[in-house]
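Working notes, structure below.
The values are calculated or read from the model by the stated rules, or taken from the named source; none is laboratory data. Because the structure is predicted, anything quoted here is derived from the model rather than measured. Backbone-built Cβ (ideal geometry, glycine too); neighbour counts: all protein chains shown.
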Amino acid sequence: MAVPGPLMKLQLSPSSCLTPPRLCHFSRKKFQLKASASGPDAEEGKMAIKKEKNGWKIDFSGEKPGTPLLDTINYPAHMKNLSTQDLEQLAAELRVDIVYSVAKTGGHLSASLGVVELAVALHHVFNTPDDRIIWDVGHQAYPHKILTGRRSKMHTIRKTSGLAGFPKRDESVYDAFGAGHSSTSISAGLGMAVGRDLLGKNNNVISVIGDGAMTAGQAYEAMNNAGFLDSNLIVVLNDNKQVSLPTATLDGPATPVGALSSTLAKLQASPKFRKLREAAKSITKQIGPQAHEVAAKVDEYARGMISASGSTLFEELGLYYIGPVDGHNIEDLVTIFEKVKSMPAPGLF
C-alpha cells in the first residue's frame with residue numbers, strides 16, 4: 001500500500017548532508033466489514049464496534065455506533081499519545097463515521113475507507129501541518145479532513161459553500177496541496193522539498209499516491225528528478241489494485257503481505273541496515289569499479305527477491321525502497337514511518 005520515496009536535504013550550509021528520497025510500498029489486504037441484524041451485538045446496542053481475534057467488527061445494521069475515542073480527537077495533536085490499540089480503535093470509529101457521513105451526502109467512499117489506517121498512522125507519527133502530507137487525486141482525503149478539524153462540517157462536503165471533496169489549501173492549513181487531478185503529488189512534494197531546503201527548514205514532505213496514478217508519466221518524471229536531486233521526500237505508494245486501469249497485470253497478481261515481508265520491510269527501514277549497506281558500497285568503490293558494479297548487481301537482485309516486483313525500478317530512479325507493508329496494520333505502519341522519519345542523512349546515494 002505504500003512506499004517512501006526520495007529523501008534528501010539540500011542545506012545551504014557547508015556542513016549540509018544529502019539524503020536520498022525514500023519510497024514506502026503499502027500493499028492492501030482485504031478488509032472486511034461485518035454487518036448483522038441480530039445477535040448479541042444488536043442487543044448490546046452501543047457495542048456495535050468491538051475488537052475480535054482477526055480484526056475489528058463493525059455492525060452497520062442499526063443506528064450509527066458510538067465513537068467515543070474519535071469524539072475526543074479534533075486535531076492530529078490529540079493523537080500523539082495514543083497507544084497502538086487506541087489507534088486501531090480510532091481507525092474503526094473513523095471508518096464508521098465515514099460510512100454514515102457518505103451515506104447522507106454521497107462522495108468517494110471506498111477510496112477513503114482504504115486509507116483510514118494510513119491516515120491515522122501518518123497524522124500520529126508526523127508533525128502536521130508543519131510536516132506536509134500531499135494526497136494524490138484527493139478522493140481518499142475524507143479521513144484526513146475528519147482528523148484535521150473538519151468533522152463537524154462533513155455533512156456539507158461537495159455542497160455549495162461546504163467542504164471541498166478534495167484537499168483545498170484555503171480550506172485548511174493541513175491541506176498542503178490542492179488536488180483533484182491524478183499523478184501530481186510527487187511533483188508537488190518535490191517542489192515543496194526543494195523550497196524547504198532553500199529556506200533552511202527541516203520539515204518532512206510526504207506524497208501519497210495510488211497505483212493508478214503511478215501509471216502516469218508525470219509520476220516517473222518526478223521520481224527521476226527527486227532521485228537526481230537526492231531530495232528529502234517520502235513517497236507512499238498506496239497499492240490496492242482497485243483502479244479503473246488493469247495495473248495488477250503490470251506486476252503479476254496481488255500477493256499477500258506475510259510475516260516475512262513485514263519483517264524484511266522493517267529491516268530495510270532500520271538505521272543499522274542502512275549504515276551497513278552504505279559501508280559496503282564505500283568498500284566496493286575503493287576496491288575498484290568492476291567490484292562495485294558486481295556488488296551493486298548482487299544488492300539489486302537481493303532486494304528484488306525480498307521486495308515486491310518493481311522495487312529495483314524505484315531504486316534505479318534513485319529512491320530508497322521499503323516494502324511492501326500491510327496498509328491496514330497500524331502497528332507496522334507506525335513502526336515503518338517512525339524509522340523512515342528518523343533516517344539519518346548518510347551522504348549522497
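Quick look at the numbers
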{"quantity": "Residues being of a type outside the set (A, V, I, L, M), more than 19 Å from His123 (Cα to Cα) and part of a loop (DSSP other than H, G, I, E, B) - total across the range 151-199", "calculated": "12"}
{"quantity": "Complete set of residues in the range 220-235 that are modelled with pLDDT of 90 or more, surrounded by 24 or more Cβ atoms within 10 Å (Cβ to Cβ) and within 12 Å of Phe314 (Cα to Cα)", "calculated": "Ala222, Met223, Ala226, Val235"}
{"quantity": "Residue within the range 321-332 that is closer than 19 Å to Leu229 by Cα and either at pLDDT 80 or above or over 16 Å from the mean Cα position of the chain (by Cα) (or both) present", "calculated": "yes"}
{"quantity": "Filter pass, Ile134 being among the hydrophobic types (A, V, I, L, M, F, W, C) and within 24 Å of Ala176 (Cβ to Cβ)", "calculated": "yes"}
{"quantity": "Residues located in the range 136-150, provided they are part of a helix (DSSP H, G or I) and not aliphatic (A, V, I, L, M)", "calculated": "Tyr142, Pro143, His144, Lys145, Thr148, Gly149, Arg150"}
{"quantity": "Checking His124 against (1) buried (at least 21 other Cβ atoms within 10 Å of the Cβ); (2) at pLDDT below 95; (3) at negative phi, the condition it does not meet", "calculated": "(2)"}
{"quantity": "Residues within the range 146-194 that are out of contact with any Pro (no Cβ under 9 Å at 6 or more places or on another chain) and β-branched (Val, Ile, Thr), tallied", "calculated": "6"}
{"quantity": "Extreme residue, nearest to Lys57 (Cα to Cα), among residues of the range 70-119 that are over 20 Å from the mean Cα position of the chain (by Cα), of a type in the set (A, V, I, L, M, F, W, C) and surrounded by fewer than 18 Cβ atoms within 10 Å (Cβ to Cβ)", "calculated": "Val99"}
{"quantity": "Test: residue in the range 146-153 that is touching a helix residue (DSSP H, G or I) at 6+ places or on another chain (Cβ under 6 Å), buried (at least 20 other Cβ atoms within 10 Å of the Cβ), at pLDDT 95 or above and not aliphatic (A, V, I, L, M)", "calculated": "no"}
